[in-house]
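Here's the structure we're looking at; comments come further down.
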Amino acid sequence: MPLQFFKRLRAVAPLLVLGISAEAQQTPANPSPLFYGTPITLEAARKVVAAATAEAKKQNLYMVFAVVDSGSNLVLLERADGAQLGSIRIAQAKAHTALDLRRPTKTLQENVAKGGDNLRFLSMPDVITVQGGELLVANGKIIGALGVSGGTSDQDEAVALVGIAAVGGK
C-alpha cells in the first residue's frame with residue numbers, strides 16, 4: 001500500500017476510535033467571527049498580568065500567567081513564588097489553545113462535557129479543555145490570549161477575566 005495511505009490512516013485513527021469522521025474533524029465547530037489583529041505589546045501584556053496578579057494575591061492564590069500574541073508567540077510569562085511548576089506549561093497551553101481556536105477554553109470545556117462530535121478536541125495535540133484561557137481583543141481583533149493556572153479551573157478563569165479587563169476585555 002502507498003505510504004500516503006498509512007500517513008492518512010495515522011492522522012484519522014484517533015478520530016475513528018471516537019467515532020468522528022475526518023470530514024467532521026476538518027470543519028471547525030462554532031467558528032468565531034473574530035480575526036487576528038496586530039500583536040499585543042509587551043506593555044499591554046504587563047498590564048494584563050499586573051491586574052491578574054493583584055487579583056490572585058487578593059484570593060491568596062499562587063498562579064502562573066502566560067500571555068501570547070496574535071501569532072501565538074509567548075510575550076510574557078510570570079510565575080508567582082510558590083506556584084507549582086506544572087502550572088507553567090498549563091498556563092501556556094491555555095493561552096495557545098484559546099488563541100489558536102479563537103475562543104475561551106471554558107467554551108471547549110463545556111463542549112467536551114456535551115460529548116459526541118465535541119470530543120474531537122480531546123484528540124488534538126497540545127489543546128487543553130479547561131477554564132483559564134481567555135482571548136485578548138482590541139478593536140474587534142484578537143491581539144493575543146492569556147492563560148492562567150494554579151487554582152481551580154473556576155479560579156483560573158475568574159483571575160484571567162480580571163486580567164483581560166485591564167486592557168478593555170470582557
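Any idea what Rg and Dmax come out to for segment 72-170 if you just take the C-alpha atoms, in Å?
13.0, 41
Give me a comma-separated list of calculated 3J(HN,Hα) values for segment 83-99, in order, Karplus coefficients 6.51, -1.76, 1.60 applied at θ = phi - 60°, integers in Hz, x for any Gly or Pro.
Those phi angles translate into 5, 5, 5, x, 5, 4, 5, 5, 4, 5, 5, 5, 5, 5, 4, 4, 5 Hz.
Using 0.36 nm times the number of residues separating residue 62 and residue 123, minus their current alpha carbon distance, what extension gain do you get?
19.0 nm
Set the bar at 24 Å for Cα to Cα. Now go through 106/141; 57/114; 47/141; 57/141; 57/94; 58/141 and name every pair that lies beyond it. Can you show the working numbers first?
Values: 106/141 20 Å; 57/114 34 Å; 47/141 18 Å; 57/141 30 Å; 57/94 21 Å; 58/141 31 Å.
Long pairs (Cα-Cα over 24 Å): 57/114; 57/141; 58/141.
Check residue 136: other-chain or 5+ apart residues with amide H under 5 Å from its amide H, H built from backbone geometry?
143, 144, 145, 146
May I ask you to evaluate 6.51 cos²θ - 1.76 cosθ + 1.60, the Karplus curve with θ = phi - 60°, for each residue of segment 63-72 and list the ³J(HN,Hα) values in order in whole Hz, giving x for glycine and proline?
Ordered by residue, 3J(HN,Hα) equals 10, 10, 10, 10, 10, 10, 8, 5, x, 6 Hz.
If neighbour count is taken as other Cβ atoms inside 10 Å, put 134, 110, 78 in order from fewest to most.
So the residues, fewest neighbours to most, are 110, 78, 134.
Fewest first, what order do 122, 161 take by the number of other Cβ atoms within 10 Å?
Lowest to highest Cβ neighbour count: 122, 161.
Using modelled amide H (1.01 Å from N, peptide plane; none on Pro or chain starts), what sits under 5 Å from the amide H of residue 63, excluding residues fewer than 5 places away?
80
Under a 5 Å amide H to amide H cut-off, with H placed in plane at 1.01 Å, what residues pair with residue 76 once short-range neighbours are removed?
Amide H neighbours of residue 76, under 5 Å, 5+ apart: 67.
In what sequence do 87, 123 fall when counting other Cβ within 10 Å, fewest first?
The fewest-first ordering by Cβ neighbours comes to 123, 87.
Compute the orientation-averaged projected area for segment 39-130 from the convex hull of its Cα atoms and round it to one decimal in nm².
Averaged projected area of segment 39-130's Cα convex hull equals 6.4 nm².
Values quoted throughout were computed directly from the atomic coordinates according to the rules given, and no laboratory measurement underlies them. Keep in mind that what you see is a predicted model, and the values were worked out from it rather than measured. Virtual Cβ from ideal backbone geometry, glycine too; neighbours counted across all protein chains shown.
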